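The values are calculated or read from the model by the stated rules, or taken from the named source; none is laboratory data. Fair warning: this is a prediction, and the values are worked out from it, not measured in the lab. Note: ideal-geometry Cβ built from the backbone for every residue, glycine included; neighbour counts use all protein chains shown. Ligands, DNA and RNA are excluded from the accessible area calculation, which covers all protein heavy atoms including side chains. Shrake-Rupley method; radii C 1.70, N 1.55, O 1.52, S 1.80 Å.
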Amino acid sequence: MGIEAETVERMVAWRRDLHTHPELAYQEVRTADLVARELAACGLSVKTGLGRTGVVGTLSRGDGPTIGLRADMDALPIQEATGVAYASRTPGVMHACGHDGHVAMLLGAARHLAARTDLTGTVHFIFQPAEECEGGGRAMVEDGLFRLFPCDSVYGLHNWPGLPLGTFATRVGAIMASLDTFEIAVTGFGTHAAMPERGTDTLVVVSEIVLALQTIVSRRIAPTEPVVLSVTQIHGGDAYNVIPDHAVIRGTVRCLDEAVRKRVAELIEAIAGGTAGTHGARAEVAYRFGYPATVNTADAVGTALAAAGTVPDITARRGDVGPSMASEDFAYMLEACPGAYAWIGTDGTRPSLPLHNPGYDFNDEALPVGAAYWAALATHSLGT
């Protein structure tokens, strides 16, 4: 199933326009306007403002199954360094995760499917804001996404550097990890740096806590359970000759299993408090549960793989790809509705730069591949 040449040209134009004008989470006003305008031009009914800046376009072809297809719209707070002619014109903001490509692919699929009359059922094209750590997926669900637009199943697709162009990859179960953050506030007793015995050295306590936290993964959780615990910030002290009485540790935790996730949170609390207590200091832990793991249902994975198998440009299908410890708020949609999340390869003659890199740029050769997959998925789900 191929996408028309004119639609491919439009997808490239849309993608590059969006790349030039990136917008951060919940600021996707121009992006949402473009999406709504193009969906309406295809004859779809359009709902705007869902989850603040989200857009849903609906293509209905009578009674039958209902499927949701989702793309994310927001950019990242990164200064672009690609040097391309269509580079971001907004200082400090760029599409470094390929959401410009995701929007263009789904718009292309909407245009392609709207021209067909052989489908029976409904397709909801879901354009989600604020995927990058701001929970736009949750915002849309809480704002009534599946109440207003009921779906039998919902699907997400993300470009994936490291996979060759023409590769489609997914898996049953958790494909992306949960995303939690923690802050440990340590309080000791400040003193002159030349007289440490007269105080409680908060920075020594912090150092021991950081090292002890690493034993959670290596010694407290089974090696068969993937966990990442990373300390990313340490703040404390303002002078060379003062031992501060306060310091803060911050970090992130990624898990694939919900029970393990809760266990890690308990262990951070216990280790921080116990380590601080041995020095006569105090540790207060603020653990914030964020995105859950992105968990695919088996039936939906089977449907996604079957649809991908009908796309000529998809030359490799992997149904057992290893999960990523990165996170994705499509997880909230999958908690509310059965479905599947998949990756599409973008590496052409040379490997793509990593996601979130200042030099990253979506490979336009992947646009017709992704759009064709969306169209095939709708066709496979709705039938003819």
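On full extension, the segment bounded by GLU197 and GLN214 gains 3.3 nm, given 0.36 nm per residue less the C-alpha separation.
Close amide H contacts of ASP180 (hydrogens built in the peptide plane, cut-off under 5 Å, sequence separation of 5 or more or a different chain): VAL253, GLY290. Accessible surface of VAL141, taken over heavy atoms with a 1.4 Å probe and every protein chain present, rounds to 40 Å². Of ASP118, ASP33, ASP361, the order by accessible heavy-atom surface (1.4 Å probe, DNA, RNA and ligands excluded), from most exposed downward, is ASP33, ASP118, ASP361.
Of all the accessible heavy-atom surface of the chain, with the other protein chains kept in place and a 1.4 Å probe, what percent is carbon and sulfur?
Values: 8120 of 15740 Å².
C and S atoms contribute 52 percent here.
Of all DSSP beta bridges confined to the chain, the antiparallel ones make up roughly 65%.
At 1.4 Å probe radius, can you tell me the per residue accessible area of segment 65-113 in Å²?
Using a 1.4 Å probe on heavy atoms only, each residue of segment 65-113 averages 26 Å².
How big is the gap, in Å, between the Cα center of segment 74-111 and the Cα center of segment 170-223? Result: 36 Å between the Cα centres.
Estimate the FRET efficiency between ALA85 and ARG350 by the formula 1/(1 + (r/R0)^6), using the beta-carbon distance for r and 25 Å for R0, to the nearest 0.05.
Details: r = 19 Å, r/R0 = 0.76.
It comes out at approximately 0.85.
Structural descriptor for the chain: relative contact order 25 percent, calculated from alpha carbon pairs under 8 angstrom and at least 6 residues apart. Projecting label points 7 angstrom from Cα along Cα→Cβ for ALA316 and HIS246 puts them 5.3 nm apart. Measuring only protein heavy atoms, the 1.4 Å probe finds TRP343 accessible over about 10 Å². For segment 51-157, trypsin sites (Lys or Arg not before Pro) meeting the loop criterion (DSSP other than H, G, I, E, B) and having at most 12 other Cβ atoms within 10 Å: ARG89.
As a test of reading the structure, rank GLU6, GLU183 by solvent-accessible area (1.4 Å probe, protein chains only), most first. All intermediate terms of the calculation are to be shown ahead of the outcome.
Values: GLU6 100, GLU183 50 Å².
Per-residue accessible area, sorted high to low, gives GLU6, GLU183.
TYR26 exposes around 40 Å² of accessible area when a 1.4 Å probe is run over every protein chain in place.
Calculated [222 nm] ellipticity per residue, helices only, for the chain: -10000 deg cm²/dmol; basis is -39500 (n - 2.57) per DSSP H run with n ≥ 4, divided by all residues, nearest 500.
Accessible surface for segment 151-228, divided over its residues, is 42 Å² per residue with a 1.4 Å probe.
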